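Taking it in order: structure first as C-alpha cells, then the write-up.
The values are calculated or read from the model by the stated rules, or taken from the named source; none is laboratory data. Note that the coordinates shown come from a computational prediction; the quantities given were computed from them, not determined experimentally. So basically every Cβ, Gly included, is an ideal-geometry build from the backbone, and we count neighbours across all protein chains shown. Only protein heavy atoms, including side chains, enter the accessible area calculation; ligands, DNA and RNA are left aside. Shrake-Rupley method; radii C 1.70, N 1.55, O 1.52, S 1.80 Å.
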Amino acid sequence: MMNTCVIRFWAPAILLGGVALAASPMRVEAQASQSGTQRSAPVVQAPSPPTLPAMPATQSAPSATQALLDKAYGFEVRGRMDLAEQTWKQVLQADPYNPDALGGLARAAKAEGNTALANSYLERLRAVQPSAPNNTAGWAEMSAQQKQLAQLEEAGKLAESGKYAAAMTIYRQIFGAIPPPGDWSLVYYETESAIDEGRPHAIAGLQSLAEKYPSEPRYQIALGRILTYNPKTREQGRKYLERYPQDRQADEALRQSLLWDSSDPAYAGEIRAYLAKHPNPQLAEALQAAEAVKSQPDESAVAAQPTVRAQQTAPGGPSAQSAAE
C-alpha cells in the first residue's frame, strides 16, 4: 500500500461538484434490486492527481490560484501536459514560489526531454522547500508518480464502465482500506458504494469524515445520497441532503429519492412540499399518477402504475456536466 502522504490534499471549488478520472463521470443507473435496494450513480469529478511528498499543496493558496492548480492537474491526468504547463506558468505569474506549480513545470520539462530546464525548476523548488528531493531522487519519485497516475486513470475507466469491483481493487492497492481525506476519499467511497457488499464500509467511512469535517458539505452530501439507495436508510439520507437546498447534487439526489417513494401515499405531503420549492415535471407526474391509483383503483389506474415505477428507476444523480465544471 502506498503511503497516503503522496496524495495531494485540497478543498477545490467543485467535482463534483462530484468524480471519475476519465473525461466523463461514472454513472450507475438507478435500479430496484430483488432486495428492494435502489441506487443511482455516484458521480464525482476527477480530483487532482497525487504529487510528490516534497511538493504538498499550499493550504493557504488563494481560491483563484487553487482553481488554476486544479485545472492544471486536470490537464495533466488527461495527458494534456502542454495545457497543464501553460496553466502552471499562470500560477507562477501570481505566485512565483508556488511549490505545486514549480513541481508541475519540472515534470512537464522532464516529459519534453528538457532535463536542464527540469533541473532548474527542481532547484527553484528546493529553494522554497529545502526538504524537496535532489534531482536524482526527484526524478525517481516522479517516475513512480506517473505509474500511480496511470493506475488511477485505469481505475477511473473501470468504474466508468461499471466494473466497480475491479476499480476498487486498484484503489485499495493505492490507498488501502482508508483513503486520505479530500476528493480521493469521495472517489473511493462512492465507487465502493456501488458494490452491495462494499456499501456498509463506504457509509462508515463517509460518516467518519462528516463527523471529523462538519464544515465540509461534500462528505454529508455523498453520505446522504448513498443512504437513499436503501429504503431502510432513505429517510436518514434525505435529512443530510435537505441541509443543502442550494447544492445541485444534493437537490438531484433528494429528488431521485422522492421519485423512488412517489408511489407510497405516506410521502405525498413531503413530495408536494418539495415541488412547491423545486418544480419538476417528472416528480409531479409521478405524484399525480400515484394519486390517481389511490383514488381510482380500477383496471385503467392499475395499468398506469408500471409507468410510475419506470420513472422511479430512471437514472438519477448529477449530470455529466457536473464533472466538467
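Here are a few things to note about the model shown:
- Within region 73-127, considering residues that are among the acidic types (D, E) and under 27 Å from the mean Cα position of the chain (by Cα), the one nearest to L149 (Cα to Cα): E76
- Residue, farthest from the chain's Cα centre (by Cα), within region 157-201, restricted to residues that are in a helix (DSSP H, G or I) and of a type in the set (S, T, Y): T169
- Residues satisfying the stated conditions in region 127-144, i.e. part of a helix (DSSP H, G or I), of a type outside the set (F, W, Y) and modelled with pLDDT under 85: N135, T136, A137, G138, A140, E141, M142, S143, A144
- For the condition more than 23 Å from Y188 (Cβ to Cβ) and hydroxyl-bearing (S, T, Y), Y240 does not qualify.
- Qualifying residues in region 254-283 (those that are open to solvent by less than 40 Å² (accessible area, probe 1.4 Å) and among the hydrophobic types (A, V, I, L, M, F, W, C)) - the one farthest from the chain's Cα centre (by Cα): A268
- Residues that are of a type outside the set (D, E, K, R), farther than 24 Å from Y244 by Cβ and assigned to a helix (DSSP H, G or I) do not occur anywhere in region 203-222.
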